[in-house]
Structures are given as structure tokens and as C-alpha cells.
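Data block below; observations after.
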Amino acid sequence: MDLNFTPEELAFRDEVRAFLRERLPADIAQRIKSGLSIRAEDYTRWQKLQFERGWGAPTWPKQFGGTGWNPVQLHIFDEESAAAGAPRTIPFGLKMVGPVIMAFGNQTQQQRWLPRIVNGEDWWCQGYSEPGAGSDLASLKTRAERQGEHYIVNGQKTWNTLGQYADWIFCLVRTDPNAPKQQQGISFLLIDMKSPGITVRPIITMEGAHEVNEVWLENVKVPVENRIGEENKGWTYAKFLLGHERTNIAGVGASKRELQRLKDIARQETKNGRPLIEDPLFAARIAQVEIDLMALEMTSLRVLSAEAQKRTPGPEASILKIKGTEVQQALSELMMYAVGPYALPFERGSREEGDLRSIAGPAYAAPLAATYCNYRKVSIYGGSNEIQRNIISQMILGL
Amino acid sequence: MDLNFTPEELAFRDEVRAFLRERLPADIAQRIKSGLSIRAEDYTRWQKLQFERGWGAPTWPKQFGGTGWNPVQLHIFDEESAAAGAPRTIPFGLKMVGPVIMAFGNQTQQQRWLPRIVNGEDWWCQGYSEPGAGSDLASLKTRAERQGEHYIVNGQKTWNTLGQYADWIFCLVRTDPNAPKQQQGISFLLIDMKSPGITVRPIITMEGAHEVNEVWLENVKVPVENRIGEENKGWTYAKFLLGHERTNIAGVGASKRELQRLKDIARQETKNGRPLIEDPLFAARIAQVEIDLMALEMTSLRVLSAEAQKRTPGPEASILKIKGTEVQQALSELMMYAVGPYALPFERGSREEGDLRSIAGPAYAAPLAATYCNYRKVSIYGGSNEIQRNIISQMILGL
Amino acid sequence: MDFNFTDEQQLLADTVRRFVREHYSFEARREILQSKDGWSRDLWQQLAALGLTALNVPEEHGGLGAGPIDTLLVMHALGEGLVLEPYLSAAVIAPALLNRIDDAKAAADLLPAIASGERIVIVAHQEPKTRGELNHVVTRAEKSGDSYVLDGHKSVVMNGGAADELIISARTSGKSDDRDGISLFRVAPGASGLKLKSYRTIDEQQAADIELTKVKVPATALVGTEGRAFAAIEAAYDLGLSAICAEAVGIMKAVNHATLEYTKSRKQFGQPIAKFQVLQHRMADMFLNAEQATSMSYLAAIKCVDPDVGERRRALSAAKVAVGQSGRFVGQQAIQLHGGMGMTDELIVSHYFKRLTAIDLTFGDTDFHIQQFVAQSR
Amino acid sequence: MDFNFTDEQQLLADTVRRFVREHYSFEARREILQSKDGWSRDLWQQLAALGLTALNVPEEHGGLGAGPIDTLLVMHALGEGLVLEPYLSAAVIAPALLNRIDDAKAAADLLPAIASGERIVIVAHQEPKTRGELNHVVTRAEKSGDSYVLDGHKSVVMNGGAADELIISARTSGKSDDRDGISLFRVAPGASGLKLKSYRTIDEQQAADIELTKVKVPATALVGTEGRAFAAIEAAYDLGLSAICAEAVGIMKAVNHATLEYTKSRKQFGQPIAKFQVLQHRMADMFLNAEQATSMSYLAAIKCVDPDVGERRRALSAAKVAVGQSGRFVGQQAIQLHGGMGMTDELIVSHYFKRLTAIDLTFGDTDFHIQQFVAQSR
């Protein structure tokens, strides 16, 4: 039991810090540290810079162009990147379809798609959620009919994140509507977003952002060689994928950065003529979330070392999802309350296009209410926290 | 919409206050205001005093020796009694079996049992809960077999409150084991506690109190004329009874008194050399429970006036049960935390036999931890708060 | 003791509810939001035609001289529709201020026009460092000859941009947190030196920041006695606080209804999600919260005109805390139970959520009022 | 970075767990509680035979010189058994104090006897107005000639009645909250002028109040340097705080296990109540709480010997808050899910609940440590 890093780990951390200091674009870090959302071109810019350094795929094995880092190195990289204000990894390529292609794709598929994920040339998006299939993913309805060397795909996907920028989409489609169980008869297809018949329709969220889309597929022709693994075995690959979605789900590094921002704001705001951070109730609220975050960090480190011992974490990821999102929501809420009435002035897009000017009140107040609204999503997506509690009671408590 | 009392209501309140001032025994009031539990003889003493005044049955109609008071008068009487430190009404006679006898008993039964409830001569206890039948009351197993003019009763009852002092017990018994639904085939019997075959075994609760018992019935002979209403229709009477159990369930008056005790203690205790009541966090906790209590009082007054309009409250009682018990538990918890380490010293019976001396620390600290433990029961009994939420979602939300 | 509404009050409630149902569908509201102003003069006139703008104006000035309970019923109904017109600012707070301040001329000038809906008068009082306290006024008014010169900054003034006329609070004496020395002035939005920046708020309502730089007004612009305006301002905002609590309750009832309907229709794992016990109990708690908030909105309406200021402020702070906490729980859980759909701009539930959030940040948030309550309970 | 226990530590944990399973059944514990003392010297000797009393004694004094992680594992296991012997007081805090205070003679006198289990030494430090702060000492020791005279009151001293010898803190200079001026004295429980009142606590552990009236001890009774004891006292209670967090975690794990088993066996409405989703999620939250508390108990064990006092106290306060809140939730919900049976003295769950409650009130409660954490975070 030892919280200290080994000399090797410390050396690695310095290496990461140096890289971030030298290569992370200041404008990107500034946006992150100001609570603004990040533009697609910024994500790609950063991905290419990481690739140049040979760190394009921190979670991947060397043979596929990854870094081959161990869990502790990954933890250090995530922590330092978040602290420095680097954008989070967009998971669809590196953390979702990538691992599926590595595990179940053939060599041709691996050579075709994997390098372009690592070097940032391809932007991927997800095609598993459907209007009728949220938590109940296996009830998806999108059909793919085999015609010679192609599938003809028809259906609708939704909650497609940032698909408006995507080159490729990975889709779960039903290839055998007559399969006895709905988990059967599903296949896993990779589809070029430029294919005729694909329409992307924005879903505008309550704070006016365009983060998610509906994707309509009308008679989209997909070559059979774009199918990963066997026909009708897609559910196996989907479960594998959703398992990987959970890595770094606790988001400890980012929450630590947000906690600092909360404290900075609370130092600048006043209440009864004193700094807000000295108000006993508000100070106690900050302390509570900070303590929850300390516990979350220790828990995620425990899960991490269990992984390191190849004792796979499994359902423990549900703990990290629930507690991680609770902390994220608490932080976004406290920041909003910290600025009081000046949280109210709102300009659509102020979080997206924001240039740190504000309509009224201090600049740091401008995105806070929008962020609070936006963060309601974290307890819903990736398997709602209710679903996570089902998982804990079934997989861990055996109920 | 008017919170003020009418001149008549004000006059009635003065009448009640005068009665309490003149007749409520000081030693009883003192025990209540010190957070000690009340002895059976004290309850009876107070019942007889109320009877002398003609107020032996505040919730009953005049024809049965009640006061015939309207809901507002009842509210005033409960409030003033609680504030003055009068014992709560033991519900088993006045609020449970009494109303059942009035509604479903024949005249002979009414003349035999009702007066002795009002004048305090008979102490009643309940016989509906069974080891296997808690929230799921209708699954009770106690058998009553008809033999000529008697029933022979065999079975076990539990969670029998203060039965060690009881003259009579009302029992739900199964008279038709072959009934298609378990709600059918149940009868409602009144049994003399002196009957041969009845054994009362104490259940000691975690704080060392003897408040509840197991009651074993072995071949107990019960005259048929002790059956209320029809054979096998007992479930109807039981539901009626449980409906009445809920009157004054919010316990607003008592909680107001306990809130004052909490504040008194917080004024005497210190933290960092200042009165605890000035500690910002503790003051906020007191404020929170006080605000919850204000809301509860307003809600119970709304339910009350709905009753007064003969719009019967029905499932709204579940709101009062949940919120009322949450406030009671919060108050008992805050009082315990208010005295810090001096909540720990504990002497079995200090709450029952307590004479206000304490083993160590201030006298007011002595019963607090025991009361906190004891009050865990309030969210369990009378239909657990989980059952109450089922009732709300079914009866009110229609789910 | 009586918890019933009079027949007149029932009628009033029904009228407003019908108005909202007929003129304030979610789609109609969306159209209004497309407009530059983000609210509709037309609908304002219709509210006036129903007599609603006259509600808080005394009869001698052509109003109905109704009480806080009537205001509660109106706000409750307007809440259900997320109405965008400046009712709270212009038909509750402004007339309440003019009723309470002792100024026959201002009252005679403005109240009839407020009652008829002709003029929209907005009170500009809040300042950048205010979190709900009403005594914090840094904006100064210097007497020079027979005029006053105003300098200062009023912030997040609800519906400031809608004003035909502003009533601005400014300090004529004393320190920035003194209750004495606060005065009120009638100022035209177009006055020279007055910079009014109007903007939308997160809940798509309207607010404005107002910069005052050497704004010169005649001495006759003074409303009431110099330096003695605090009590009237407090009374006006006390009614406003009670009114916004009623609005929040109207929203909570609507949110709970929408959530119940959604969970009954939304199917997952082969059944409506309303069949899951966890969601049933969650909705039971949402119902409990709305009921407790309802009770406290009644208490606020009854107490907000209580002559005992301590008792009044104490009850109002308690109500704001209860309503703020309930609104937060109900709003957040409504989004959670709607899942992804709750996050979208398409469904009204997210708009309810945003308004409930904004209400908790208006007139002092939960923590502020817990501390006020503690102070008043001493 | 490494979150594994060494093989020796695993072995230690297994040993204690086996001891508890074999000698500390609920029934065995009940018998011990029947005894006058409410704990067993016999079992104390057995704990000594296992080397557990030697754990925190350095090797040069016949101990094992183990660290806080070993103490964590022992306390975790003892927690599961709700062990009544004075392990925390006599085998953790007392030796920790003697290790830290610079007094070779006292160490040589007492530590070997502590290690062997012969002598039970209890530190009497807490006073009536203490809520967790360690610098509040009103008890005074006046030097007179070559002896000291002690006057004061030590309150709710854990296991005070079990002491063969007491180490009492008293002020030789300074004001009642100064860190300087606190000294330690060896005092025999039978010393004249010392009135020790032993009693049970709500969790059926033992504590005592000690009145000191002109208790005269020789100058040689002074432990360490006069007026310089605070740092050692703090170090001892920091280890104690980390240890009690581990005990609480052991209890939470046991409570959750008991609740899971009960809800699987208890049938209502024709099925085990564990089938109800609301109770499943409740138990999931109980599990989550225990996991977070486990994490914080590790943090406490790692940090409780950190030379940086601020960092150390900050981590310990955070751990006490997290453990206190988790223990409160887990304990209360365990009773709720057991229903009426949870209220009875018959089932162990109510005893777990009472101990968790007592732990939150020991060494400073949740609010106290939140405020400490805030102060340390400045």
C-alpha cells in the first residue's frame, strides 16, 4: 500500500509535463480552463500533435501504433493532460471502434482504419443508440439487408455525438430480424459518412448547443468488407465496446481542474462583503465535493491497481460512473450558484463560440448556467446512473 | 385562505390551555419535556383526568362519549396538549379498536367496551402484526376455529406495543383458511388478555427498552360475541382501522416541542467557545428542519381543512407519515449531535426510569442517544415509508 | 382557519388557466421567442383586457385592489405556461411599490396606466454585488439645484428592456448597506447618460443591465420622501418573492404531470418505465416536494403582508428555501427521468427546468435565505 | 503506486479474522457483555498471544514495530466482531503516544508491558467541552516542590476503567486552548483525589469520567518535556483516527453483508424483499458508500504519519467526514431494510448501527471535521 510514484513513474510524469508545456496550444488550454466547449478542429489539432509525439493512442498496444502504457502511466497521462487544460479524448475512435477493430477486425480492416484514428485523419461517431433503444440497446431496429457484396441499410440512429464532423460511423444493425432473441441477429458495420442516403439532423440541447444528432440511413450501400467479425454476432462486439467506453470514466483529473476553477471563482465573488469562499455554508459545500472527489480518486486508483494486477475491474466501473458524474454535476452546480444572479445572462453559443467576453457580469460567469444545464446529461448517457445501480445490484450484490 | 383562528376557535384554545394548566400533572409534563418515555400508569392517570373533564375521547362523536369536536378543534387540542407536555394518545383503544366497534360493532358490544376506553379503565393493545406478516398484513396465519359458541385461537402476534399492560387485545385471525384470496377468511376478535393460553414475551429493542412484545396464543377460548361484524369480513374492518391509525400522524405539535428542546440544548452547548446555536453549520441544520416542519404544518392544515370540507384526505395521509417521521428523526439526530461525546454515556432504562440524573455530562444529554435509536422505528412502523411511497405512486399518481 | 379560495378567486384562476391554455401553447411560446423582444405586447394587452394588470392596483386608481392570494393564483397559472411577458415586474412589483410609497402624484400618474396596461413600469433596484439583500445600494443620487444626478450600475434587472418608464433606487445619503438614505426616482429609459443593455437569461426571460452616468432628473422625479424608500422597496419585493414562489409551484405541478405522462408512454425492456419501482418512488418524492412547496407558497402569500416585518421576512425566507430546494429536486429529476429527451430544446420539460433554476437564483438563493432565516429566528 | 497488502499483512488480517470468527460470535460477545467489566481480560491475553498488542510497539521494546496499514487491517477485522476489548485505546493510542513522546524511561517502563499485554495503559485527554479539538486542556498541573498537583476533569475517556495505569494530560502553562503548555503525567487509577466513574456507552463499549482533585504525583511522573506534549498527543490521536476509520469500514462491510442476506431471506407479498428494485438500489448505494469509505480509510492510514501536519490533518479530517457520512447512511438504511427486526437487540445489525453512531461522535463528528478540513484547505 503506497501512494507514492516510483522513480520511473516520476520520470514519466516529467516527460508528460514537458510535452504538455511545449506542445499544448495555449488557446485550447485557455478555452478549457475558462469552461468553454472545444471545437472539432481543436480536438483534431491536438490529436495530430499527440500523434507527432508518438502518443496518438495512449490506451493502445504498440503493435497498432499505441503507446503500450501501463495503467499507472495512463493515469499519470490523463491527470496531467486534464490539469494542463488539454481536451478530453473523443472516445468514438480511440476508445470504442478502435478496440473493436483490434480485437475482432481482420488484418486488412486493421491496416485500413486504425492508423487514420491514431494520426487524427478520421473522425468517428457512434451509431448504436436509436429513438426506441436507449438503455435497452438490444431492441434496435435499423435493418441491413444483404444484396450481393453489399448491405442495404435503413433506419434511424440518435444521440449521435458530434457526427456533423465525422468521416465514419460505426453502426449496430439488425441483419436477422427473425432471430429468437433480440441480442441475436445484430451485426457491426463501419459506414462512410459520405455514403449517399445518410442525413445528419442536429438535436439542439436545452442550452442551445449542437452536440448531438439524429442520423437517418436510407438505402445506404455498405460493402460487406466493412462488417467487423461475423454476421449476427454484433452484440458480442457491442458489449466489448461498451466495456471500453468506461475507461477513465471517473474523470478525476478534469474534476480536480474544475474544483480549482470553482475555488478561483469563489475567491473573486463576494457575499456580505467578504469573499464567498469564506462563507461558512458555501465553504462547507466546496469541502463536501472536494472530499467526495478525494474518495473518488482513491477508489479509481484502487480499480486501476486491480487492473494492473490483471484482476479486471468489471462492474466496479459502475461505481466510478455514478460517483464521477455526481461530482461533475455538483461542481457545475456550485459554480453556477457561486456567481448568483450573474449566472442568468445567457447568449446562445456563448459556451461554443465564447471569446470570454460576457453580456453582463464577470467573464467567468458567462458559460456557467449553460454548463450546469449541459452537465445534466452525464447522469443519463453511457448507461444512466439508474442502470449503473441495476448493474451493481446484479453483478456485484448478486441480486 | 386564512391562517387566523375565529373568535370561537380562540375561545376554545383558551379553554384547552386552562385545562392543561390546571390538570396536567407537573411530573408527567416534566418527563415529556425532558425527553423521557412515559410509564403506563402516567398514560392512564392522564386519560382519567381527561375523562373527568369530559374530554376522554376527543376524536369520538358525542353519542359514544366523545367530544364531537371538529377537525380544527382537534388540531388545537393536539397542538396545545403537545406544547404543554401532555402524553400522546395511546392509539390502540381510542384510535383503532374504538372506531371499529363504533362502526361495525353491535349495540351490546358498544355498551360493553366503549365506555371503559373513554374512562381509562381498559388498556388495549393490537394483534394484527405477525412474524411473517409485516407490511404484508393480509398474509397472517393465526387460526381461529369455531367450536360451538367459542373460537379456539392459535398463533403468534408480534410488534405488540405495551401489551404487558393490556386488559384487551384486538386480533385479526384466519377463520377460513380455504378462502380463495388471503384477504378473505379473516375475522376480527376482541380477546381478554387474562384468558388462559395467552403468553406475552418481551421484545427488547436496541436501546434496551421494553415497548413491544410477542403475544403467543395457545388454544385461547374466545366467545363468539367477542367477534366484531361478520365472520370472514375482518379485512374490511382492518383497513378501516388502519385508515384511522393515521390521524395526527404528522405529529406537528410534538415536533414543535422537540424543536424547542433542540434549540434549548444548542443554546447551552458550546463549540469553539461559542454557543452551538451560533455555529453556522449547526444553525443551518436547525433552520432546515424548522423549515421542513413549517411546510409539514401547512400541509397537515391543508389536509385538515379538506377533511373539514368532508373531502376525505385518503392517501394524503401518506405525505404526512413520510414527512412527519423524517422531521421526527432529524430532530432526534440533531439533539444527539448537539451534545457530542456526552451523547455516549448510556444506562439501560435511563429513558424509562430516568429521573433526570445522568451518568456523566449534562442531564439533558442522558436520553438523547437512546431516543435517536428508538426513533429509527418511526419510518418502519405504521406502514414503512417505502410502503407509503408505494401508496402515493399507486393511489395518487395512478401508477 | 380556512384553506379555501373564494368563488371569485376560483374564477380568476380558471380565467388565467384558460388564457394560458388558449394563447400559450408551447408552439405559440416558441414563436414569441423568435421575436426580437422575446415577449409580446399583444398578449400583454390581452392580459390587461382580462384585468390581470389591474390586479395589484387599488380601486381608486382604476384597479381591482386584489390581495396576494389572487396574485398567487395568477402566478401559479402563468407558471404552467412559462409566460414571457413581464407580469411579475410590471404588474406585481411596480404597483406594490407605488401602493406602499407615500406619493399621491406618482401613484395617480402611473397606477391607472399600469392597471390599463398602457404603461410598463419597471423597478431597477438590484446591483452587481447583490445576492438578495435589499439594502445594498451603491448607486448615488446627488442633489444639485432643483435636480438630482444619478451615477451607478443596476444589474440583471428583470424585464428592464420592456420599460416605458423606470423607477430607479439610488442613495441620497448613508453608506452602501444602510437602510436609510435610499430614494427612488422616475427615469425615462431614453434619458441621456443612461445605457440600458437588454439580454436574455438562461430561462429565455428578459433582463437588462443599466449603467447610469451623470443621469440628470428634475427634483420632481423623486418618488416618495428622500432617503425613506427602503420600507416600500422591501414590501414590493416581499410580494414579489411570494409571487415567484407561486410561479415555481405552478411549474413544479406541470413538470410532474409531464414526467408522469412521459414515463407512462416511454417503453424500455418491454414495459413503460413508469413500471420500475425506483422511478415510481422518485415520482412520489417529486410529488411530495411539490406539495410541500405548495404549502409554503400559501404561507408566503398569507404572510407577505404581515405588518410584523421579522415574522414576515422569516416566513418568506422559509418559503424561498423550501421552494428553491423542491424546484431543484423536481427539475433535476424530471430531466433524469426523461433521459436524453429531457436534454433537448424540443420538449417543454427542459424549459421548465431552466425556469426553476433561474427562480432559485432570483431574489436570493437557498443558502442566502437559510442564513436570513437563521438571522430572523434569533 | 501500489494498492496491495504484503503477504505478512494478508497473514495478519487472516489471523485476526480467524480469531474473531472463533472467539467473537455474537453469542460469545453477549456473554462478555453480561460480565461486570463488559470486556474480557482472557480475550485480551489471547490478543496479546497473537502479538496484536505488540503491533504498535517498536522492536527494541519487544514489539513488532508495525505501521498504520497493519493497524488498519487489525481494526477492520475487530470491527466486524464489534470487539469489546480496549484495543484502540490501549494497543494503538497509548503506544503511539509513548513512541512519539521523547521519554526513554517511560517508554522502557511501559512499552514492553503493553506489548506483552501485561499492562493496560490508557490516555486520558478529552475534557467536557471538547468536540474533537486536541488543544483544549483546562485540567491544570501545578508544580510544588518535587511534585505536581493535578486538578480537573477528563470526560468520556474510552476504556478508562480498564486502565492499570493512566497517562493524563494537564496544563502546566498557557491558556486553555494553547498548544504549548500541555504536559503528560503517569497516574495510578487509585491515586488519592482521583475519582474514576466507569460506565457503558450507547454502543456497549466502556468509558469513564475522571475527576481530579489535588491529585499529587512525583515530578518523575512527568512524561516527556514539560509543556511540550501536544505534538505527541496529536500524533497518537491521528493514528487513532485512522484506526477508528478502519474499524468503521469493517463494520460497514459486515452490515451490508447482513442486510443483503436478510433481504434475500425475508419474504413479503410472496417474494424476497431483495427483489424490490427500490431496495436493490438502496443496497447498491450502501455498497457505494462502503467502497468510498474503504478508499478514505486507506488514505487515512497512508497519511496519518505524514510529516506535513497540515496535509496529514486535512486527509484525516476528510476521511473522518467520508467515513462518518457513509457509516450514518449504511447504518440507518440497514435498520430500515431489516424493518422491525432491525430495531431489536436480538440481531447484530442494531449493534453495528450503534457502534457506527458512536464512532461518528468520537474524535470529532462530521461537522467538526468539515470545518477542520476547510481550515486546513485555506
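The values are calculated or read from the model by the stated rules, or taken from the named source; none is laboratory data. Since the structure is predicted, the reported quantities are computational estimates derived from the model, not experimental observations. A quick note on method: Cβ atoms are made from the backbone with ideal geometry, for glycine too, and the neighbour counts reach across all protein chains shown.
Going residue by residue through region A:363-370, is there one that turns out to be buried (at least 18 other Cβ atoms within 10 Å of the Cβ), on the phi > 0 side of the Ramachandran plot, outside any loop (DSSP other than H, G, I, E, B) and not acidic (Asp, Glu)? Scanning region A:363-370, I find no residue that is buried (at least 18 other Cβ atoms within 10 Å of the Cβ), on the phi > 0 side of the Ramachandran plot, outside any loop (DSSP other than H, G, I, E, B) and not acidic (Asp, Glu), so the answer is no. Might you let me know whether region D:285-299 holds any residue that is more than 10 Å from chain A (Cβ to nearest Cβ), free of Cβ contacts under 8 Å to residues at least 40 places away in the same chain and part of a helix (DSSP H, G or I)? No, region D:285-299 has no match at all. For C:VAL57, the requirement of being away from chain B (no Cβ under 14 Å) and either part of a helix (DSSP H, G or I) or under 21 Å from C:HIS257 (Cα atoms) (or both) is not met.
Restricting attention to region D:300-321, which residues are acidic (Asp, Glu) and within 12 Å of chain A (Cβ to nearest Cβ)?
D:ASP306, D:GLU311
When the test is whether a residue is under 16 Å from C:ILE114 (Cα atoms), out of contact with any Lys or Arg (no Cβ under 7 Å at 6 or more places or on another chain) and not in a helix (DSSP H, G or I), C:LEU97 does not pass it. If you go through region D:338-351 one residue at a time, do you hit one that is within 9 Å of chain A (Cβ to nearest Cβ) and hydroxyl-bearing (Ser, Thr, Tyr)? Within region D:338-351, none of the residues are within 9 Å of chain A (Cβ to nearest Cβ) and hydroxyl-bearing (Ser, Thr, Tyr). Just so you know, in region D:364-378 the residues that are at pLDDT 95 or above and more than 9 Å from chain B (Cβ to nearest Cβ) include one that is farthest from B:SER135 (Cα to Cα), and it is D:ALA375. Scanning region B:168-188 for residues that are in contact (Cβ under 8 Å) with a residue 60 or more places away in the chain and over 18 Å from B:ILE90 (Cβ atoms), we see that the one that is farthest from the other protein chains (Cβ to nearest Cβ) is B:PHE188. Could you tell me whether C:GLY324 is part of a helix (DSSP H, G or I) and facing chain A (nearest Cβ under 10 Å)? So C:GLY324 does not fit the description; no.
The listed residues are B:GLN164, B:GLN184, B:GLN110, and the only one of them that is polar (S, T, N, Q), assigned to a loop (DSSP other than H, G, I, E, B) and out of contact with any Ser or Thr (no Cβ under 9 Å at 6 or more places or on another chain) turns out to be B:GLN184. The residue that is surrounded by the most Cβ atoms within 10 Å (Cβ to Cβ), among those in region A:54-73 that are in contact with a helix residue (DSSP H, G or I) (Cβ under 8 Å, 6 or more places away or on another chain) and part of a helix (DSSP H, G or I), is A:VAL72. When region A:367-399 is filtered for residues that are away from chain D (no Cβ under 14 Å) and at pLDDT below 90, only A:GLY382 remains. Could you tell me whether D:ALA248 is in contact with a Gly (Cβ under 7 Å, 6 or more places away or on another chain), away from chain B (no Cβ under 14 Å) and in a helix (DSSP H, G or I)? Considered against the rule, which asks whether it is in contact with a Gly (Cβ under 7 Å, 6 or more places away or on another chain), away from chain B (no Cβ under 14 Å) and in a helix (DSSP H, G or I), D:ALA248 comes out as yes.
If you filter region D:261-279 down to residues that are surrounded by fewer than 22 Cβ atoms within 10 Å (Cβ to Cβ) and within 7 Å of another protein chain (Cβ to nearest Cβ), you find that the one that is nearest to B:ARG389 (Cα to Cα) is D:VAL278. Within region C:147-167, the set of residues being hydrophobic (A, V, I, L, M, F, W, C) and touching an Asp or Glu at 6+ places or on another chain (Cβ under 6 Å) comprises C:VAL149 only. Summed over region A:194-234, the residues that are buried (at least 19 other Cβ atoms within 10 Å of the Cβ), of a type outside the set (Asp, Glu) and within 21 Å of the chain's Cα centre (by Cα) give a count of 8. Scanning region B:128-146 for residues that are surrounded by 15 or more Cβ atoms within 10 Å (Cβ to Cβ), at the interface with chain D (Cβ under 10 Å from one of its Cβ atoms) and among the small types (Gly, Ala, Ser) yields B:SER129, B:ALA133, B:GLY134, B:SER135, B:ALA138, B:SER139. Just one of the listed residues (B:GLY155, B:GLY93, B:GLY120, B:GLY98) is assigned to a loop (DSSP other than H, G, I, E, B) and of a type outside the set (D, E, K, R), and it is B:GLY120. If the condition is being more than 14 Å from chain D (Cβ to nearest Cβ) and among the small types (Gly, Ala, Ser), then region B:194-222 contributes B:SER195, B:GLY197. Looking at the structure I just gave you, is A:GLU297 under 26 Å from the mean Cα position of the chain (by Cα) and more than 21 Å from A:TYR381 (Cβ to Cβ)? Spelling it out, A:GLU297 is indeed under 26 Å from the mean Cα position of the chain (by Cα) and more than 21 Å from A:TYR381 (Cβ to Cβ). Picking from residues in region A:13-22 that are farther than 30 Å from A:VAL212 by Cβ and either at pLDDT below 95 or away from chain D (no Cβ under 12 Å) (or both), the one that is surrounded by the most Cβ atoms within 10 Å (Cβ to Cβ) is A:VAL16.
Of all the residues in region B:258-296, those that are modelled with pLDDT under 95 and facing chain C (nearest Cβ under 8 Å) number 0. Might you let me know whether region D:64-71 holds any residue that is within 15 Å of D:ARG17 (Cα to Cα) and out of contact with any Asp or Glu (no Cβ under 9 Å at 6 or more places or on another chain)? Within region D:64-71, one or more residues are within 15 Å of D:ARG17 (Cα to Cα) and out of contact with any Asp or Glu (no Cβ under 9 Å at 6 or more places or on another chain). Of the strands (runs of 3 or more DSSP E) lying entirely inside region C:120-222, those carrying at least 1 residues that are β-branched (Val, Ile, Thr) and buried (at least 16 other Cβ atoms within 10 Å of the Cβ) are C:121-124, C:147-158, C:165-171, C:182-187, C:206-218. Looking for something more than 23 Å from C:GLU234 (Cβ to Cβ) and either among the polar types (S, T, N, Q) or assigned to a loop (DSSP other than H, G, I, E, B) (or both) - is there at least one such residue anywhere in region C:73-80? Checking region C:73-80: not a single residue is more than 23 Å from C:GLU234 (Cβ to Cβ) and either among the polar types (S, T, N, Q) or assigned to a loop (DSSP other than H, G, I, E, B) (or both). I'd like the full set of residues that are aliphatic (A, V, I, L, M) and part of a helix (DSSP H, G or I), limited to region D:334-362. Within region D:334-362, D:ALA334, D:ILE335, D:LEU337, D:MET341, D:MET343, D:ILE348, D:VAL349, D:LEU356, D:ALA358, D:ILE359 qualify.
Pairing residues of region B:294-307 that are farther than 18 Å from C:ILE370 by Cβ with residues that are acidic (Asp, Glu), at Cβ distances under 9 Å and at least 6 apart in sequence or on separate chains, gives B:THR299/B:GLU316; B:THR299/C:GLU291; B:ARG302/B:GLU316; B:ARG302/C:GLU291; B:VAL303/B:GLU316; B:SER305/C:ASP2; B:ALA306/B:GLU316. In region B:77-91, of all residues being at pLDDT 95 or above and of a type in the set (A, V, I, L, M, F, W, C), the one that is farthest from B:ILE28 (Cα to Cα) corresponds to B:PHE77. The lone criterion from (1) in a strand (DSSP E or B); (2) within 14 Å of chain C (Cβ to nearest Cβ) left unmet by A:ILE191 is number (2).
In region B:30-44 there is no residue matching the filter, namely being under 30 Å from B:ALA366 (Cα atoms), within 14 Å of another protein chain (Cβ to nearest Cβ) and assigned to a helix (DSSP H, G or I).
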